[in-house]
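**Q** Starting off with a structure, shown below.
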Amino acid sequence: MLSPKLMTADQNRFASIRIVKFATLVALILSAWPMFVAAQQEPKSKEEKEDEKKADAFKVQKTTAGMGLYSIGPVSPDRKYIVLLARKPDASPNLYVMNLADHSIRAPLTSLKWGVSDPQWSPDGQSIAFAGMNESSGFPELFVLDVKTGVGRQLTRNAFSDKEPVFTPDGKRLLYTSDESPLPDAAFGILHVASIAVSGGKTQFFTEDECSSIHPMISADGKSVLLVKVSDNSGRHSLWEYGLDGKPRRDLTGLKFARIRDYIPIGPGGATVLWAQEEAEQQEDIYLLDPKSGKVRELPEPDLPKRSPTVSPDGKLIVFVGAARFGSQLFLYDVETNTIKQLTFKPANTHSPRFISNTETLFGSDRDKQNELYLIDISQPAEQKKK
């Protein structure tokens, strides 16, 4: 029988051997791990490798730094300014205005605690209407801000959600979406288009249908109001034309769409661009509606999900955000040639493009890690990478 001292010595020696073996095993596993991980990954396809080598099709310029861009609003009627929504860390999005000539940005025009949404210019470009929530608001309320002085006025104060304001052509009233119903004993959440004077006063109801009506907009010729109705039975959306007096004129799309997310009238007598879904479970797509014939046609490449369209001032081009191998990218649709071209390729999430001229589009992106504002000019091809 071994003595206790010998047993202790042998135990220590065997323990040391086990430690060395274990350390060696760990070292081997760590050295082989990258190869193991690489082996589990699917090899990149030829198309993916080609996309990684592609550069943006046209010149892209970063115009902000550290802004915390949230979304891009509309261009002013004189096309000299654009509304931006941006937020600082741990803050809600508030209102900024950029000068399109030199890309200078004024100090924030609002400082609402719970943020701003749905900004719209007045016809004369002197004011901006928006929905917002300050410290005392339990629901979104309507505000109008004088761009020159930065002075804002709150128009609605109630226990309802008021949003999506748009100026009437004479600039004297706002049409907007509200869940305050004109119908007695209406269920909460039934939405209607309402109206209020820019100078303030009592709210009036523009629509009094039993179904919901949302997304008011003025037609391209300024002679009628467009809005979306939601079917009481099926929940499907349809685009309608109303007179400025609030009387319905005609249903432009019928029940073709499960959802109409946004729409853009293109010039007097032109088509209307629809961002919509034919079925709720289907992907988003973009369509062109001929308001005279009622015919709707889908943009080419139906397998490409499309959203957030913007139309050039001359109505000949549509830029939109589409799904790509590397995030979401900008695409260009040419109305005359009926063709689509991908504009950006750098891996990123892209959002809210806005045409500021017939060749220039502003867009938001995190292509340089932070969410900032970029400008792409389709009249200036990007420099090609050297092979």
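We did not get these values from a lab; they are worked out from the coordinates using the rules stated. Since the model is a prediction, treat every value here as computed from it, not as a measurement. Heads up, the Cβs are rebuilt from the backbone with ideal geometry, glycines too, and the neighbour counts pull from every protein chain shown.
**Q** Using Cβ contacts closer than 10 Å as the measure, can you line up ILE266, ILE318 from fewest to most?
**A** ILE266, ILE318
**Q** By its C-alpha gyration tensor, with a ≥ b ≥ c as the square roots of the eigenvalues, how is the range 168-294 shaped: rounded for a/c under 1.5, else prolate for a/b larger than b/c, else oblate?
**A** The shape class here is oblate.
**Q** Within the range 250-266, which residues have the backbone N less than 14 Å from the label spot 7 Å out from ARG297 along Cα→beta-carbon, could you tell me?
**A** Within reach of a label on ARG297: no residues.
**Q** For the range 233-247, take each phi angle, set θ = phi - 60°, evaluate the Karplus expression 6.51 cos²θ - 1.76 cosθ + 1.60, and give the result in whole Hz per residue in order, putting x for glycine and proline.
**A** Using θ = phi - 60°, the values come out as 8, 9, x, 6, 9, 9, 8, 10, 10, 10, x, 5, 8, x, 8 Hz.
**Q** Please state the shape class of the range 276-323: rounded when a/c is under 1.5, otherwise prolate if a/b exceeds b/c and oblate if not, all from the C-alpha gyration tensor.
**A** Oblate, because a/c is 1.5 or more while a/b does not exceed b/c.
**Q** Can I ask one more? How would you classify the range 234-286 from its alpha-carbon gyration tensor, with a ≥ b ≥ c the square roots of the eigenvalues: rounded for a/c under 1.5, else prolate if a/b is greater than b/c, otherwise oblate?
**A** Oblate, because a/c is 1.5 or more while a/b does not exceed b/c.
**Q** Now for a separate question. Given the C-alpha centroids of the range 100-154 and the range 277-315, what is the distance between them in whole angstrom?
**A** Each part's Cα centre sits 30 Å from the other's.
**Q** Then there's this: Restricting everything to alpha-carbon atoms, can you work out Rg to Rh for the range 68-131 with a Kirkwood hydrodynamic radius?
**A** On the Cα set of the range 68-131, Rg over Rh gives 0.95.
**Q** While we're looking at this one, here's another question. Going by how many other beta carbons lie within 10 Å of each one, how would you line up ARG153, ARG236, fewest first?
**A** Ordered from fewest to most neighbouring Cβ atoms within 10 Å, ARG153, ARG236 come out as ARG153, ARG236.
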